[in-house]
1. Is any residue of region 13-44 close enough, with backbone N under 16 Å, to a label point placed 7 angstrom from the Cα of R60 along the Cα-Cβ axis, and if so, which?
2. Classify region 14-63 as rounded, prolate or oblate, taking a ≥ b ≥ c as the square roots of the eigenvalues of its Cα gyration tensor: rounded when a/c is under 1.5, otherwise prolate if a/b is larger than b/c and oblate if not.
3. Identify the residues of region 23-57 with backbone N under 12 Å of a label point that sits 7 angstrom from the Cα of A74 along the Cα-to-Cβ direction, or state none.
4. Placing unit charges on C-beta atoms (Lys and Arg positive, Asp and Glu negative, everything else neutral), compute the dipole magnitude of the chain about its Cα centre in debye, rounded to 20.
5. Per DSSP helix of 4 or more residues, -39500 (n - 2.57); summed, then divided by the residues of the chain. What does that give at 222 nm, rounded to the nearest 500?
6. With an 8 Å cut-off on Cα pairs and a minimum separation of 6 or more residues, tell me the relative contact order of the chain in percent.
Amino acid sequence: TVLRDGRALRLTRKEFSVLEELLRADGGVVSAETLLERAWDEHIDPFSNIVRVTMATLRRKLGDPPLIETVTGAGYRLEGSS
């Protein structure tokens, strides 16, 4: 279960897996490649934009203020983390 400001969010398994990986990183940057390896199976096309699409949907569901930061050229991390 994921809660934001006391409200339950309905996430897909992939969205939950992506959020889980960002939480596990404890403020570290997680690359799109790492997310592909850990949240999807080995049959996913490595050139797919599925991480970007999933990230956009997850950000929308999480709402404001934004929680996920894009680190250009490196990946993603949770906002406010170092």
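1. Within reach of a label on R60, which here means backbone N under 16 Å from a point 7 Å along Cα→Cβ, region 13-44 contributes 13-16.
2. Cα axes put region 14-63 in the oblate bin.
3. Once the point is set 7 Å along Cα→Cβ of A74, 27-31 turn out to lie under 12 Å by backbone N, inside region 23-57.
4. On the way: 12 positive and 13 negative charges, 84 e Å.
Here the chain has a charge dipole of around 400 debye.
5. -12000 deg cm²/dmol
6. Numbers: 82 pairs, mean separation 29.0, N = 82.
Averaging sequence separation for qualifying contacts and normalising by length gives 35 percent for the chain.
Coordinate-derived values only; no laboratory data. The structure displayed is predicted, hence computed values, not measured ones. Glycine also receives a Cβ, built like all others from the backbone with ideal geometry; neighbour counts cover every protein chain displayed.
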